[in-house]
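Comments concern the structure below.
Read-outs throughout are calculated quantities, based only on the coordinates presented, and are distinct from any laboratory measurement. This structure is a prediction, so every number in the text was calculated from the model and none was measured. Cβ placement follows ideal geometry from the backbone for every residue including glycine, while neighbour counts extend to all protein chains displayed.
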Amino acid sequence: MDRLPYYFFHSSPFPFIFCLIWCYSKSKNLIPNKLGFIFTFTLLCISLQAEFYQHPKLVELRKECDSLQCPKRYAEAYRLLAEDLYLPLDERFAYLDIAEEISREIADQYDLMAIFAQRGRMYLDKGRFVESLAAFSDGMTYAGSREDPKWLEQEGWFLTGYGILLYRVELFEDAKAVFKECAKVMHRIEDDYGEAVALNNVGLCFLNLGDLDSAEHHFKTAFEIRKRIGDQFLLCHSQLYLARLYRLKEQWAKADLAVQAAQRYSEEAKTFEFVGDIYAEWAEIALADEDLAEAAHFLNRAKEMSAPFRDLRWMHLKIRLFQKLNIADSLNFYLDSALYTAKEFGNLDLQLELLAQKEHLLNQIGEKKKADSILKVSLALSKELLSVKDSIQHDMMQVQRAFANNRQQLLILEKGNLEKEQIIAKQRRNLILTTIIALVLLSSFIIYYRVSQRIRKLSRNVRLLNERSRLAAEQMTAGVLALDKSGRLIFINQAAQEHFSFFNEKPLEEGTDFLRQLKNEGISKDWKLRVNETRKHKTFQNISSRQKDLRTYYHLVSISLMESEGENEGLVAVITDVTSSQEKSIELGKKTHALEQSNKAKEKVLSLLAHDLKEGVVSSLELAKISLEENDTQEMPKHLQMIKESLSRTKTLLFKTLDWVKHQGEGLQIQRNSFYLERLVNDVIKEVEPQLEAKEITCLNKIPKTLAVIADPNALRVVLRNLLTNAIKFTPSEQGKIEFSSKVLSEQQVELRIKDNGLGMSSQQVSNLMSGVALISTTGTKGEKGTGMGLSLCQQLLYQMGSTLKVESSKGEGSLFYFSLEGGPETSQQ
């Protein structure tokens, strides 16, 4: 070891003896480096009565094991002791030096990157930029030396600290590059928390470089990663970053939304750490909007801030507020408070700024003497600030020069590593190439040997085929052909030759590749597929279709694999003409489909006819029922007259429906015409007028007289009549009201609405109704009955006209049915 810890000389004679032994041993080179460390650490343990080594955590650790048994635990323990902010700074650095020595010598560099990062941060916290950069430069020599997750995690946080140093000395471009590298490392080990931190830091660099769009991109990317983590505290932090960005971009609405989101996340996280920042952001927005009362309200709410820098921000906002309000007493009070805090915090720039504001205030209120004294203090402070800035500038220039040298060394090291990797890759490629060549030669020999064996077997099989099967195959009416395993045609009968010749193929020759002889692209593609499928599954069968002379020919192709002793020896295909049977099957299918369509059409026509007839009969029945219930002989003729009129309307309606239905021989065919919607609605209202009068329900038609639509008037009449009778059915007597209205959606679309104040439906009933589940008739307010077919028929007819029935309803608040229709030529003028 090259360094002797200076802190052993505090409280014991043992360190002095230890120092003499150490110097003598090193000067004479009596002990090697690793043995020297063991020797050193043994003497350190002898010096345990020194207070420095009597920390309770170390005492407990020594009871469990010594440093040679568990060196990693000792390295970590000393590093964690260095994080204790209550210890003197020199003592913390001393603990960190011991942790580094243990990590280097006997702990296999355990926690080494974390040790360098911690040393750099400690120097940075004290504004000692040069020493901080030196610590990070020492650590950079170990970056990228290992690939295990623990090391990469420490390397990622090391790069975070390094980037913060460069950010503090305003090397924003270099800091941005370091943070981006940090994000890559964190992404590689799937550390979402660390990756989000790195991306936020990249965004801050872009913010300082004036690239606000790139900053927004990185802030949003970090926010999305934190959403995956699901930590509301972190999401609140990200939203505050975005709020600050939007303020700088003067996008006040977005900034306000971001602050609202931050507040929501803060409440969900049940943490108050960012409460002051949230209200301070809202105060910033209010001040920018000149809403001083709102700004004052938010600043009062922001009093929960506790950290010093937050207090300064709060007081700065208060000063801005009272400057705008022109309240001298309050402004003077907060300027004095801010000056006191700035002095405590050692911020000379802020002190100078606040003194200038105070001098201006005193001049305004006429206190010239106090203003002059403030000016003198400002001049003295300016000299002090210039001196401090010169010193800081000198340190920053040293840091920048050191960073430039360090970056050059890193580039040289990276170039050397790249050259080494290229040499290794080249050697690996040569080795792989040599291995492949050897394998190819060996495989060639094996293939040659196996091919020679298989050729002999194949020859025997071919002879057997020629002797026993050729004669029988020639006599078959179905086409037969055989291929060897390489795809050569070894046999084809006359029927197969005629099959290929029929489709413009030349006669096929035995002994040559079968697929290459097929010139027709479609036939060649089909046979390639069949051969491949047969080799995969051992058998294959399909029906092919080919057109010639306006007729489609069908052939059943069956292929089987030929095997000998478990080895593939080729395949045999049989081609059978099934054109006649396939044509009969297709014709039968067409007739069956036509019959099914005819039956469906008949069912719809019968449903329509039954529905229209049902409405008239039910209406007459209701009138008769009312007459019987009242039992008034004087009113009987009137009631009979009403029943007669109802039956007359039913007859007219039935004749109209029958006249329409008789033209629907092939089902419900929609015939579109242009007509005035208001007239059709009036006709429908007149058809159900007795039912309206019986229940004393008011029905209004608010559709403009000149509104034209394009639809099938007869089909639409059925739909409207059904919806109106349903509305009457579920609307109470005397106080009921039904209203027809329209709404022009566009030049091509008109919406027709039927609204009532009846019983209404629950959300579940509406859902069942629209999904087709609830097609069961229900009883009306006076016990009216129905068949349950009405709405289903309405939906079918509207679908035929290119529309959809929609409904909005609530229990006890009535229902609204509506659908759209194609607008007529005068729609755009409505």
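Laid out as a table, the results:
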{"item": "Euclidean distance between Cα centres, segment 477-523 to segment 211-243, Å", "result": "69 Å"}
{"item": "Gyration tensor (alpha-carbon) shape descriptor, segment 78-179, a/c threshold 1.5", "result": "oblate"}
{"item": "In segment 480-523, the trypsin sites (Lys or Arg not before Pro) that fall in loop regions by DSSP, at most 12 other Cβ within 10 Å", "result": "Lys519"}
{"item": "Cα shape, segment 235-322, gyration tensor, a/c 1.5 rule", "result": "oblate"}
{"item": "Filter on Lys506/Lys528; Lys686/Lys737; Lys686/Lys755; Lys126/Lys303; Lys249/Lys324 - keep pairs with C-alpha separation over 25 Å", "result": "Lys126/Lys303"}
{"item": "Two-site label geometry, Glu751 and Asp84: point separation in nm, points 7 Å out along Cα→Cβ", "result": "7.4 nm"}
{"item": "Euclidean distance of C-alpha centroids, segment 672-694 and segment 719-765, integer Å", "result": "13 Å"}
{"item": "Whole-Hz couplings from phi, Karplus 6.51/-1.76/1.60, listed for segment 205-213; x for Gly and Pro", "result": "4, 4, 4, 6, 8, x, 8, 6, 5"}
{"item": "Residues whose placed amide H lies under 5 Å from that of Leu707, excluding near-sequence neighbours", "result": "Leu677, Glu678"}
{"item": "DSSP-assigned coil residues among GluC sites (Glu not before Pro) in segment 479-523, each with at most 14 further Cβ atoms within 10 Å", "result": "Glu509, Glu510"}
{"item": "Integer Hz, Karplus 6.51/-1.76/1.60 couplings in order for segment 154-159, x for Gly and Pro", "result": "5, 5, x, 6, 4, 5"}
{"item": "Filtered trypsin sites (Lys or Arg not before Pro), segment 73-130: DSSP coil and at most 12 other beta carbons within 10 Å", "result": "Lys126"}
{"item": "Karplus 3J(HN,Hα) series, Hz, for segment 222-236 with 6.51 cos²θ - 1.76 cosθ + 1.60 (x for Gly, Pro)", "result": "5, 4, 4, 5, 5, 5, 5, 5, x, 8, 5, 4, 5, 5, 4"}
{"item": "For segment 227-386: rounded, prolate or oblate by the Cα gyration tensor [a/c cutoff 1.5]", "result": "prolate"}
{"item": "Among 802-808, 110-116, 215-221, the order from most to least packed when residues are scored by Cβ within 10 Å on average", "result": "110-116, 215-221, 802-808"}
{"item": "Label-point separation in nm, Ile543 to Glu563, each point 7 Å along Cα→Cβ", "result": "2.9 nm"}
{"item": "Additional length obtainable on full extension of the chain from Thr804 to Glu419, 0.36 nm per residue less Cα span", "result": "131.5 nm"}
{"item": "By average C-beta atoms within 10 angstrom, highest first, the peptides 202-208, 434-440", "result": "202-208, 434-440"}
{"item": "Residues whose placed amide H lies under 5 Å from that of Ser810, excluding near-sequence neighbours", "result": "Met761"}
{"item": "Total charge dipole magnitude, segment 267-373, about the Cα centre, Cβ charges on Lys, Arg, Asp, Glu only, Debye to nearest 20", "result": "480 debye"}
